[in-house]
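Structure first, commentary second.
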Amino acid sequence: MMIALVFAVVVATVSVALFFLEWRKRRVYSKYMDKIAVSIGEETGAPPLYIYERLRKKLGELEQRVIETERERRNVFTILNNITDPIIIVRGDGVVTFSNIAGRDVTRPGVEGRKVYEVVENYHLLEMFEKALQTGEIQSGDISLVVNGETRYYDAKVVPIKLDQESERYIIVLHDTTKEKQLDKLRREFISNVSHELRTPLTSIHGYAEALLDDDLSNKDLVRRFLGIIESESARMTRLINDLLDLEKLESGEAKFNFTIVDMCQVIERVLSIVEPIADDYGVEVRWTCEGEKFVYGDFDRLVQLVLNLVDNAVKYTSLKESGEKSVTVRCFEKDDKVVFEVSDTGPGIPEEAQRRLFERFYRVDKARSRKVGGTGLGLSIVKTIAEKHNAKIEFESKLGQGTTFRVIFNKPQVKEEQDDAAV
């Protein structure tokens, strides 16, 4: 009986202990579920299965948000990498955390993760970074960098960005101003050249006119010579102004082109009728070849202007040759699906260092020779512009002392072929 009583007490004690243990677990579980419910915006005491479903949905939403955030981050990097201006992001300790593709092009290899002082080769830019670091203010200035062996100019900015209380970034942005610098240089050169080209004949005209006014005009030979110089300088100014106006109209699109099917052989014949008497006076032989019909799609008058400029230049510069053969050969022929117009001379040739600037306004290989033959320095610029308006390609070959060949390559006109097919 005693044993049975002891066993009953033990069983009761164990049962009570297990009950309290289970009750404690349920209480802890309930508190845990209530905390989860609150964290996902639900009321406490909700059924566990409901909370589980809501939690699963919430986790799915968070996962989707993480995916979208990562996609946005990649998109931002893609956008930054496709910006043509160099962008470099630097921490406060000077370590580069990001550089877009353009930024890598102007820095040393392996830019990210290295100190900005190790990858940027410009003292002024580094000085701007240091000043932004000290003052916390935007710094800006003009810098130059050597990129692929070429000096390029940039408008540089260093922008401090405060991310939080303990971290900040410095964004270096470089805007390429090389073209603007080059255009500004060309503008200054243009103004200088125009001023010089106009001042020279104006000075001559003024000087000789003043001399005539002070003279008693009794010496008719002297008067005639002075008037001849005044007329020659006036004509030179007129040519210069006409060429300037013509070039401006061509480049601005104001010049009207009457495009039709044009036979280049007729263009060459027209030009030779103008040039041959001049060539005879200069002692230059002009030979030409244009068999059959060589059709291009273009403006007849502008093509005459193009050919005349090239042939006239060839004749005049060949005439300056001191010895040897003085001849100019004009050809027009077909090659593949192109019509090629070519002018070759036996003149003095063009130095290699001058060839890349040949089509620039007012550029002359030899200024003294150019003035001697009456050149304005605009002829080849006009030729190039007319060729471009005709979708033609212009090229040249030259060797010093051996002569020069200019070549204008036109596309064959499709319109002409269609007309021939229709006629058949």
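The values are calculated or read from the model by the stated rules, or taken from the named source; none is laboratory data. All of these numbers come straight from a predicted model, not from anything done at the bench. No Cβ is skipped: glycine too gets one built from the backbone with ideal geometry, and neighbour counts run over all protein chains shown.
Structure values in brief
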{"item": "Pairs where the first residue, in the stretch 321-341, is in contact (Cβ under 8 Å) with a residue 12 or more places away in the chain and the second is in a strand (DSSP E or B) and of a type in the set (Asp, Glu), C-beta under 7 Å, 6+ apart", "result": "Lys326/Glu285; Ser327/Glu285; Val328/Asp345; Arg331/Glu342"}
{"item": "Test result for Gln266, assigned by TED's automatic domain parsing to the domain that holds Ser398 and over 38 Å from the mean Cα position of the chain (by Cα)", "result": "yes"}
{"item": "Exclusive hit being at pLDDT 90 or above, surrounded by fewer than 19 Cβ atoms within 10 Å (Cβ to Cβ), closer than 29 Å to Ile261 by Cα and in contact with a strand residue (DSSP E or B) (Cβ under 9 Å, 6 or more places away or on another chain), set Phe359, Phe341, Phe295, Phe333", "result": "Phe333"}
{"item": "Wholly enclosed strands (runs of 3 or more DSSP E) of the stretch 119-192 bearing at least 3 residues farther than 22 Å from Val90 by Cα, free of Cβ contacts under 8 Å to residues at least 24 places away in the same chain and among the acidic types (Asp, Glu)", "result": "none"}
{"item": "Looking only at the stretch 256-290, and only at residues there that are assigned to a loop (DSSP other than H, G, I, E, B) and touching a residue at least 24 places away in the same chain (Cβ under 8 Å), the one that is nearest to Val315 (Cα to Cα)", "result": "Val284"}
{"item": "The lone exception for Glu233 - which of (1) among the charged types (D, E, K, R); (2) at pLDDT below 75; (3) under 19 Å from Ser195 (Cβ atoms) it fails", "result": "(2)"}
{"item": "Count - residues of the stretch 133-149 that are over 27 Å from the mean Cα position of the chain (by Cα) and hydrophobic (A, V, I, L, M, F, W, C)", "result": "2"}
{"item": "Within the stretch 101-118, tally of residues that are in contact with a Pro (Cβ under 6 Å, 6 or more places away or on another chain) and either at pLDDT 90 or above or in a loop (DSSP other than H, G, I, E, B) (or both)", "result": "1"}
{"item": "Test result for Val96, in a strand (DSSP E or B) and either of a type in the set (Asp, Glu) or in the same structural domain as Glu166 (by TED's automatic domain parsing) (or both)", "result": "yes"}
{"item": "Inter-residue pairs, beta-carbon under 7 Å, first part of a loop (DSSP other than H, G, I, E, B) and in the stretch 382-407, second of a type in the set (S, T, N, Q), 6+ apart", "result": "Asn391/Asn411"}
{"item": "Subset of the stretch 291-347 [among the basic types (Lys, Arg) and part of a strand (DSSP E or B)]", "result": "Arg331, Lys335, Lys338"}
{"item": "Unmet criterion (only one of (1) more than 22 Å from Val408 (Cβ to Cβ); (2) modelled with pLDDT under 75; (3) surrounded by 18 or more Cβ atoms within 10 Å (Cβ to Cβ)) for Lys326", "result": "(2)"}
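Table: residues versus (1) outside the structural domain of Lys185 (by TED's automatic domain parsing); (2) touching a strand residue (DSSP E or B) at 6+ places or on another chain (Cβ under 6 Å); (3) buried (at least 16 other Cβ atoms within 10 Å of the Cβ).
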{"position": "Asn75", "(1), (2), (3)": "yes, no, no"}
{"position": "Leu125", "(1), (2), (3)": "yes, yes, yes"}
{"position": "Glu130", "(1), (2), (3)": "yes, no, no"}
{"position": "Thr151", "(1), (2), (3)": "yes, yes, no"}
{"position": "Val158", "(1), (2), (3)": "yes, yes, yes"}
{"position": "Ile161", "(1), (2), (3)": "yes, yes, no"}
